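Report on one structure; see the data block that follows.
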Amino acid sequence: MSEQVLTDNLKRTPFHKYHIEAGAKMVLFAGYIMPVQYNGITEEHLAVRKNVGLFDLSHMGEFEVMGPRALSFIQKMTTNDASKLAVGQIQYSIMCYDDGGIVDDLLVYRLKDRYMLVVNASNIQKDFDWLETHLEAGVELTNISNQIGLLAIQGPNAQKVVAEITEYDLNSLPYYHCANMDFGDYSLLASCTGYTGEDGFEIYIPTQLCEYVWNRVMNAGKKYDIKLIGLGARDSLRLEMKMALYGNDIDKTTTPIEAGLAWVVNFDKGNFTGRDVLIKQRDEKPNRRLICLELEGKAFPRHGYKLISNGRTVGHVTSGTFSPSLGKPIAMGYVPLELTKIGSIVDVKIRDKLFSATVIKPPFYKKGTHR
């Protein structure tokens with residue numbers, strides 16, 4: 001998309017000019033004009049698997065939750081048990097509606113004097129409104145999304161790049177933890193979570209410091225041939241790890257139990273929104289579950305393609321691609337419980353042809369380097 005067609009209604013991240021300078025193909029995503037690719041999705045995907053890549057994730061949302069009732073509020077609004085978090089720990093969790101449908105999946109950061117919730121870009125306003133509707137005395141909720149830029153450095157050589165710009169002992173930061181680190185003249189929050197299956201770090205940057213940090217990262221990354229990575233490769237990387245994408249694999253019509261995310265639902269912590277429905281579904285078993293499929297041939301399964309068994313439609317592809325790492329087509333989709341066993345066969349209908357697909361144990365890619 002050219003600069004000429006941009007309008008005031010589209011948001012730009014703090015790193016927008018660097019994407020344009022790099023010749024990125026820009027697309028509209030969640031109200032932002034974002035790079036979908038620079039030199040090609042496959043090339044960028046493999047750069048992260050084999051070396052190191054830099055992602056602009058500034059479109060993600062960040063909320064601060066403070067006050068004496070902050071923890072109890074998060075406990076009520078999310079499915080996981082945030083009381084288990086020590087300062088510096090991060091938790092993957094889910095917000096549900098009363099009927100068990102998913103509002104969003106998110107990260108809960110336990111910081112020294114507050115919590116930070118990191119939510120999906122497409123859901124920022126919806127999530128904030130949902131939380132605000134349930135706000136209670138003793139809780140302060142603030143949307144700081146527009147004040148923060150976010151860079152993710154991912155790949156087997158990610159730590160080498162980050163070590164060039166901070167003296168923090170990166171080996172001491174476990175997976176799903178965060179810490180304040182000195183990056184040159186500034187102390188910034190950095191974490192180790194990732195959406196790719198590879199080693200990596202995320203840096204949360206006040207917008208006025210984004211240019212400073214970008215230049216430091218890019219200069220440090222030169223010796224490691226760091227590549228800029230767009231949304232296209234981010235999507236194929238996360239799919240290879242069976243990481244759910246809101247709006248495709250999970251939404252208000254799906255529950256954590258159906259989506260294979262029961263591991264982030266803690267029924268023992270007490271009441272939370274959607275708990276009773278989810279307990280019933282857990283005990284009675286859901287009618288369907290999200291599965292991973294490997295296809296034969298060179299097919300390209302896409303969102304919405306029908307899943308067929310014995311001549312009848314039993315579901316549809318929620319996410320699909322031709323996996324650059326595995327050299328084969330892969331997909332996810334919901335099917336009836338009787339078809340979810342590993343080794344089960346379903347067909348994917350692509351352009352009026354049926355391609356055989358086998359249910360496999362996730363993730364698709366099993367050689368990730370994350371700690």
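Ratio to report: Rg/Rh of segment 287-364, with Cα atoms as the point set and Rh obtained by the Kirkwood method; give two decimals.
Dividing the radius of gyration by the Kirkwood radius yields 0.92.
Just one of [x] 160; [y] 143; [z] 133 is volume of the Cα convex hull per residue in Å³ calculated from these coordinates, so which is it?
[y]
Between segment 201-259 and segment 125-198, what is the C-alpha centre distance in whole Å?
Here the two parts' Cα centres lie 12 Å apart.
Return the single residue from Gln154, Gln37, Gln208 with maximal mean-square fluctuation; model: Gaussian network over the chain, springs between Cα atoms under 10 Å.
Per the Cα network of the chain with a 10 Å cutoff, Gln208 tops the list.
How do the peptides 44-52, 260-268, 130-138 rank, highest first, by the average count of neighbouring beta carbon atoms within 10 Å per residue?
Packing proxy ranking, top to bottom: 44-52, 260-268, 130-138.
Whole number please: convex hull volume per residue of the Cα set in segment 69-129, in Å³?
Given the Cα convex hull of segment 69-129, per-residue volume reads 85 Å³.
Under a crude label model (7 Å from the Cα following the beta-carbon direction), how far is Lys50 from Thr142 in nanometres?
Roughly 4.5 nm, to one decimal.
Explain nothing, just the number: dipole magnitude of the chain about its Cα centre with +1 on each Lys and Arg Cβ and -1 on each Asp and Glu Cβ, in debye rounded to the nearest 20.
The calculation lands at about 1300 debye.
Efficiency by 1/(1 + (r/R0)^6): what FRET value for Met218 and Arg312, r their Cβ-Cβ distance, R0 = 51 Å, to the nearest 0.05?
So the FRET efficiency works out to roughly 0.45.
Looking at this model, which pairs from Lys25/Lys227; Lys50/Lys306; Lys84/Lys285; Lys112/Lys222; Lys76/Lys252 are more than 25 angstrom apart at the alpha-carbon?
Distance filter (> 25 Å) returns Lys50/Lys306; Lys84/Lys285; Lys112/Lys222.
Given R₀ = 22 Å, what would the calculated FRET efficiency be for Asn287 paired with Lys252, taking r from the Cβ atoms and rounding to 0.05?
Once rounded, the FRET efficiency stands at 0.85.
Which whole number in µm²/s is D for segment 1-123 by Stokes-Einstein, with the Kirkwood Rh taken over Cα pairs at 10 °C and 1.306 mPa s?
It diffuses with D of about 94 µm²/s by this estimate.
Using DSSP to define loop residues, name the chymotrypsin sites (Phe, Trp or Tyr not before Pro) in segment 64-124 whose beta-carbon has at most 11 other beta-carbon atoms within 10 Å.
Those that pass, being in a loop and sparsely packed, number zero.
How far is it, in nm, from the label point at Arg351 to the one at Asn271 when both lie 7 Å from their Cα along the line to the Cβ?
5.5 nm
By counting other Cβ atoms within 10 Å of each Cβ, how are Met116, Met218 ranked from fewest to most?
Lowest to highest Cβ neighbour count: Met218, Met116.
I need Arg289, Arg282, Arg110 ordered by Cβ neighbour count within 10 Å, fewest first.
Fewest-to-most ranking of Arg289, Arg282, Arg110: Arg282, Arg289, Arg110.
What distance in nm lies between label points placed 7 Å from Cα along the C-beta direction at Asn39 and Asp185?
Each label point is offset 7 Å from its Cα along the Cβ direction, giving 3.3 nm.
Tally the DSSP beta bridges in segment 287-364 and give the antiparallel ones as a percent, rounded to 5.
100 percent
Contact order normalised by length for the chain, with contacts defined as Cα pairs under 8 Å and 6 or more residues apart; what percent is it?
This gives 18 percent for the chain.
What net charge do the residues around Ala82 carry, taking every other residue with its C-beta under 12 Å from that of Ala82, with Lys and Arg at +1 and Asp and Glu at -1?
+3
Every number in this text was worked out from the coordinates using simple rules, so none of it is lab data. Predicted model, so just to flag it, every value in this text is computed and none were measured. FYI the Cβ positions are ideal-geometry reconstructions off the backbone, even for glycines, and counts take in every protein chain you see.
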